[in-house]
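Undergrad: Below is a structure I'd like to ask you about.
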Amino acid sequence: MDFISEETLNKGHKRLKELLAEEEYAHAVSTAEMARETAPKFGIDPDRAYAAGLFHDWCKCMPGRELIRKIMKYDSALIWEYEEFPKTVHQVLGAFEVQEELGLTDPDVLSAMRKHTTANGKMTDLDKLIYVIDKIEPLRDYPGVENYRQMIVDGKLDQCFKVMLRDSIRRLIEDGKPVSLRSFRAWNTACRIKD
């Protein structure tokens with residue numbers, strides 16, 4: 001990997017084992033491996049896909065109050081959004097923390113990490129891949145996951161992303177839960193893409 005040394009990657013693995021519960025660590029590794037495996041199909045650098053997949057949940061197990069306290073150090077302008085959607089803070093904070101702890105500065109990897117939960121506006125192919133793979137990696141098992149996986153096997157990343165985002169927004173609305181403005185921006189942008 002030209003943007004991250006093997007030593008830094010190993011340090012990241014070790015740190016993730018400290019930060020995440022066993023199940024979440026297994027999910028991160030599974031996401032990284034599936035992202036690396038599928039990336040070439042979409043013209044995406046497999047090493048960047050692996051790094052983004054591995055580190056995407058860096059702060060996932062951090063308690064809510066600590067997430068909010070720490071994000072204030074990096075990005076206090078959107079505190080209202082973080083307070084309204086505390087479960088999404090880990091995606092943004094994780095990118096900041098990986099940059100600080102590991103020295104990872106690759107903008108593509110950090111962007112994919114920042115968008116893997118809610119998506120946001122214009123999504124690169126790597127952003128979309130990590131968003132999707134996070135939800136369909138082999139350890140995930142829920143009704144409909146095979147349909148999403150088949151779209152990826154068939155090389156339909158844009159379609160899979162759009163359908164998955166639509167289904168996520170629909171589920172939140174049906175459950176009476178708020179939807180992040182980031183997700184609506186991603187949806188509005190995705191609607192401009194031809195299937």
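Undergrad: Sort out which residues of the range 53-71 are of a type in the set (Asp, Glu) and part of a helix (DSSP H, G or I), and write them in order of number.
TA: Across the range 53-71, the qualifying residue is only GLU66.
Undergrad: If you don't mind, there's one more thing I want to ask. Could you grab me the full set of residues in the range 72-91 that are part of a helix (DSSP H, G or I) and out of contact with any Cys (no Cβ under 9 Å at 6 or more places or on another chain)?
TA: MET72, LYS73, TYR74, ILE79, TRP80, GLU81, TYR82, GLU83, GLU84, PRO86, LYS87, THR88
Undergrad: Another question, if that's okay. With the condition kept exactly as written, say whether any residue in the range 156-174 is modelled with pLDDT under 95 and of a type in the set (D, E, K, R).
TA: no
Undergrad: Is at least one residue of the range 54-65 surrounded by 18 or more Cβ atoms within 10 Å (Cβ to Cβ), under 22 Å from SER168 (Cα atoms) and basic (Lys, Arg)?
TA: Yes, the range 54-65 contains a residue that is surrounded by 18 or more Cβ atoms within 10 Å (Cβ to Cβ), under 22 Å from SER168 (Cα atoms) and basic (Lys, Arg).
Undergrad: Pick from the range 21-44 the residues that are crowded, with 20+ Cβ neighbours inside 10 Å and not polar (S, T, N, Q): which of them is nearest to ASP154 (Cα to Cα)?
TA: ALA39
Undergrad: Taking the range 126-144, which residues are touching a residue at least 60 places away in the same chain (Cβ under 8 Å) and buried (at least 18 other Cβ atoms within 10 Å of the Cβ)?
TA: LEU126, LEU129, ILE130, ILE133, ASP134, ILE136, GLU137
Undergrad: Output the residues belonging to the range 56-114 that are touching a residue at least 60 places away in the same chain (Cβ under 8 Å) and of a type in the set (A, V, I, L, M).
TA: VAL98, LEU102, LEU104, VAL109, ALA112, MET113
Undergrad: Filtering the range 154-195 down to residues that are free of Cβ contacts under 8 Å to residues at least 60 places away in the same chain, among the charged types (D, E, K, R) and assigned to a helix (DSSP H, G or I), which residue is surrounded by the fewest Cβ atoms within 10 Å (Cβ to Cβ)?
TA: So, considering only residues that are free of Cβ contacts under 8 Å to residues at least 60 places away in the same chain, among the charged types (D, E, K, R) and assigned to a helix (DSSP H, G or I), the one surrounded by the fewest Cβ atoms within 10 Å (Cβ to Cβ) is GLU174.
The values are calculated or read from the model by the stated rules, or taken from the named source; none is laboratory data. Keep in mind the model is a prediction, meaning the values are calculated, not measured. Every residue, glycine as well, gets a Cβ built from its backbone with ideal geometry; the counts of neighbours run over all protein chains shown.
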